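All remarks here apply to the structure that follows.
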Amino acid sequence: MIKIKNISAQETYNIRLTVLRNNIDLPFKFEGDKDESTFHLGAFYQGKLVGIATFVKKDLESFEGKHYQLRGMATLPEVRGKGAGRLLIEKAKSILKEKRIAVLWCNARKEAIGFYEGLDFEIIGEEFEVIKVGPHYKMYAKI
């Protein structure tokens, strides 16, 4: 069974580095990691941290209310398909609802579009390229 817990920014770094930045010379520490309003969630399977996500208070143009950006979401390959990603997003939405946040948004890798659509995210705008990472879409979900 997967459990979702609050974790520190530092606890996200290893998975960010190995999954998101594997052989890519881009920073794995994000602006806003240490902000008071930022929170980090970890998915634990059999006591091991297997998935991470960071949520940073950052507005998205063209929407009213307060917004948060999902950054650095990743799960270890051996647990993909077990629901860790879904549970991370569901827990975040619950937290954001309590904070009266209107929108959760992200820059989603093209190959993850279906995952986010399954969690009620919608694409906004055109495909864009993130240097050294590949094609992305801006996506959002109303809370």
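Miscellaneous remarks
- Top-ranked residue in the stretch 129-143 [being assigned to a loop (DSSP other than H, G, I, E, B) and under 17 Å from the mean Cα position of the chain (by Cα); ranked as nearest to G118 (Cα to Cα)]: I143
- Extreme residue, nearest to E11 (Cα to Cα), among residues of the stretch 38-85 that are part of a loop (DSSP other than H, G, I, E, B) and polar (S, T, N, Q): T38
- Put simply, of G47, G65, G72 the only residue that is within 15 Å of the chain's Cα centre (by Cα) and small (G, A, S) is G72.
- When the residues of the stretch 120-135 are filtered to those that are surrounded by fewer than 19 Cβ atoms within 10 Å (Cβ to Cβ) and within 15 Å of R71 (Cβ to Cβ), the one that is modelled with the highest pLDDT is V130.
- Test: residue in the stretch 112-119 that is in a helix (DSSP H, G or I), at pLDDT below 95 and not aromatic (F, W, Y): yes
- Just one of (1) closer than 18 Å to R16 by Cα; (2) touching an Asp or Glu at 6+ places or on another chain (Cβ under 9 Å) fails for L119. It is (1).
- A Cβ distance below 7 Å, combined with a sequence gap of six or more or placement on separate chains, defines the contacts here; from the stretch 68-96, residues that are on the phi > 0 side of the Ramachandran plot reach residues that are β-branched (V, I, T) and part of a strand (DSSP E or B) in the pairs G72/I52; G72/T54; G83/I2.
- Members of the stretch 80-98 found to be farther than 14 Å from H40 by Cβ and either in contact with a Gly (Cβ under 7 Å, 6 or more places away or on another chain) or of a type in the set (D, E) (or both), listed by number: A84, G85, E90, E98
- Candidates are the residues of the stretch 86-111 that are among the basic types (K, R) and assigned to a loop (DSSP other than H, G, I, E, B); the one that is nearest to F63 (Cα to Cα) is R100.
The values are calculated or read from the model by the stated rules, or taken from the named source; none is laboratory data. Computed from a predicted model, the values in this text were never measured in an experiment. Reconstructed Cβ throughout: ideal geometry from the backbone, glycine too, with neighbour counts over all protein chains shown.
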